[in-house]
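Have a look at the structure below, then the notes.
The values are calculated or read from the model by the stated rules, or taken from the named source; none is laboratory data. These numbers come from a predicted model, not from an experiment. Here the Cβ positions follow ideal geometry from the backbone for every residue, glycine too, while neighbour counts run over all protein chains shown. For accessibility, only protein heavy atoms count, side chains too; no ligands or nucleic acids. Shrake-Rupley method; radii C 1.70, N 1.55, O 1.52, S 1.80 Å.
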Amino acid sequence: MLKNSRFLVVPFILCISACGWFKSPPEIGKVLAEHFNNKIYKDFDTVAYDSVFVKTIDSLSDNFINPKTIKAFYAANINAPKLVTKFYVNGQLDSLTNYLENSTAHGFNPKIFKTDEIKNLLQELSTNKFKNVEESYPIIAKLEILSANAYLNYSNFLKFGLVNPRNIFSRYYIRVKRPDSLGMTNLLGSVSLLDTLRAIQPKLAQYKGLQSAYLKANSEAEKRTLLLNMERFRWKMPETGDNYIQVNIADFKLTWFDKQDTVISMKVCVGGKREDGYEEKMKAFVKSGNLDDKPKNHETPLLFSKINSIQANPIWNIPVSIAQSEIYWMARKDRYYLSNSNINVYYKDKLIGEPDTINWNRYSRDKLPFKFKQGSGGGNALGKFKFIFDNGSSIYLHDTNNKNGFNLNNRAISHGCVRVEKPLEFAEKLLNDNYTYDKLRVEVDMLPVDTTHMNWYRKRMAKKADTLKSFQLKPAWFGPKKAVPLLITYFTAWAQNDKIEYRPDVYAMDEKLWTAMKKFR
């Protein structure tokens, strides 16, 4: 029995000698003994402190955002008070409380970080009035744990935002970066709290502009809008690079940025707002399964992608939802609607030659066996150009044959795709090549810019004029030399030309975001 136990003792001795935590006195004891010139800390008992620490962290961690990460960090460090040991004497824990108190500048409530409790614990430790070292254990343990939690939360809120938008909005498809356990562990192991706290302060000019306006605003409504958009600028977006395109849904505007310069800007029409009472109506639809109960939701999703191609004279693959809610009824009402609208009908992927002969009374709209495609041409809902990027929502930017929409103040009128006001200019910037651009112009029956390319135009016009041959307008594909990043996003306030621009909350996304943020106020 003694022979076997010898092998258990050796690794234990090696472990405690390597970590240094169980030395007498441990580092925390030496640091506090020297700082306070108080010999009681030389009696610091790590085993007794460990028992207090475990009870303390168990009692506090239920209310933490990242309890597992914090517990794992201290388990890996044998519950040693790392932050107090490194940052109490040099005043960096005091600096932490200063940052927490000033978190109101970011719209946070210092109470959520237990700021007053941490300050009181620091004060209690600083009085140096403990009769014996055991009295200091609960103070050190609680100070360590609350400081670690506050430090993590404050850092994460500034670096990543208070909330994850993907958990709030059903059509938020941008993969924003969120805190991970490795990053948080590295934060807790920081060499300097003060350097880290300085480094995580937002440096984005847009954020600073909104923050400055927030500190000056008097109206609660204005403050709320500023805070909401400060939060949006805290979210860690994918890297776009200096050259990218942004569609701001709330502004109904497309802007192409090259660093700080604007390459091109234009109006857009975006998806219509979902029906009022959408959530409740969806519950009713799920129960009934009746399409008449299904509420409309054409809101354009928020996403990040890259525009990789342009389709001239596009074909519109009509979505099932539109086929059920609109095409079906129009075809029943007017037997010639489909042919007059240049809409082809397919059954089991085979073209139906005479769609006017379909007896629509035989088919219910929730079980339509047909697919619908609108051919290229002047009446096509997509106009002359379709700008394509990978996404899971079948969303794209496109031209439109209905230009009146761009005169509206509220341009949330589409089925979800984004209509662009100046598609030809946009195509020219995307292609960034005169030769290819002239090819595209000719494809939509426009004169080339370069007169040496006139022969392309003449040949095309000759084909269209040849009555002996049936000319069929077909889509043509063009690719930019380099795919351009596209960010479809939503800001209701931003800094521009030394003032704040405000826009209406067209999708009521501010309301949802505010509900999620209120608990941090």
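A few comments on the model shown:
- Loop-resident sites, region 206-263, for trypsin sites (Lys or Arg not before Pro), counting at most 14 other Cβ within 10 Å (DSSP): LYS259
- Percent carbon-and-sulfur accessible area, region 242-368, ignoring ligands, DNA and RNA, probe 1.4 Å: 47
- Longest segment of the chain lacking GluC sites (Glu not before Pro) that sit in a DSSP loop with at most 15 other Cβ atoms within 10 Å: 276-521
- Which listed pairs, of LYS350/LYS384; LYS367/LYS512; LYS203/LYS518, have C-alpha distances above 28 Å, in listed order: LYS367/LYS512
- A DSSP coil position with no more than 14 other Cβ atoms inside 10 Å describes the following trypsin sites (Lys or Arg not before Pro) in region 440-475: LYS469.
- Helix axis angle, 67-76 relative to the chain longest principal axis, alpha carbon, degrees: 50
- Å² of accessible area per residue within region 145-274, as computed with a 1.4 Å probe and no ligands counted: 43
- Structure note, pairs LYS30/LYS68; LYS82/LYS129; LYS55/LYS86; LYS111/LYS142: Cα-Cα distances above 19 angstrom occur for LYS30/LYS68; LYS82/LYS129; LYS55/LYS86.
- In region 91-170, trypsin sites (Lys or Arg not before Pro) in a DSSP loop with at most 14 other beta-carbon atoms within 10 Å: LYS129, LYS131
- Note, ³J(HN,Hα) from phi for region 298-305, Karplus 6.51, -1.76, 1.60, rounded to Hz, x at Gly and Pro: 10, 4, 5, x, 8, 7, 10, 7
- Residue-averaged [θ]222 nm for the chain, counting only DSSP H segments that reach four residues, each worth -39500 (n - 2.57): -12000 deg cm²/dmol
- Computed on the Cα atoms alone, the convex hull of region 438-521 gives a volume of 232 cubic angstrom per residue.
- Computed over region 192-288, Cα set: Rg, Dmax in Å: 18.9, 60
- Dimensions (Å) - region 457-502, Cα atoms, principal axes, largest first: 63, 23, 18
- With all protein chains modelled, accessible area of TYR347 [1.4 Å, Å²]: 100
- Between region 56-123 and region 337-358, the alpha-carbon center distance in angstrom: 68
- Each 20 Å bin, from zero up to the one with the longest distance, holds this percent of the alpha carbon pairs of the chain: 17, 37, 26, 15, 4, 0.
- Region 410-521 - percent of accessible surface contributed by carbon and sulfur, probe 1.4 Å: 50
- Diffusion coefficient, µm² s⁻¹, Stokes-Einstein with Kirkwood Rh over alpha-carbon pairs of region 373-521 at 4 °C and 1.567 mPa s: 69
- Probing with 1.4 Å while keeping every protein chain in the model, the per residue accessible area of region 283-369 equals 60 Å².
- Accessible area per residue, Å², region 65-140 with all protein chains present, probe 1.4 Å: 47
- Where both bridge residues fall in the chain, DSSP classifies roughly 85% of the beta bridges as antiparallel.
- Working note: Cα atoms of region 32-172, range along each principal axis, descending, whole Å: 61, 29, 20.
- Length-normalised contact order of region 137-266 in % [C-alpha pairs under 8 Å, at least 6 apart]: 23
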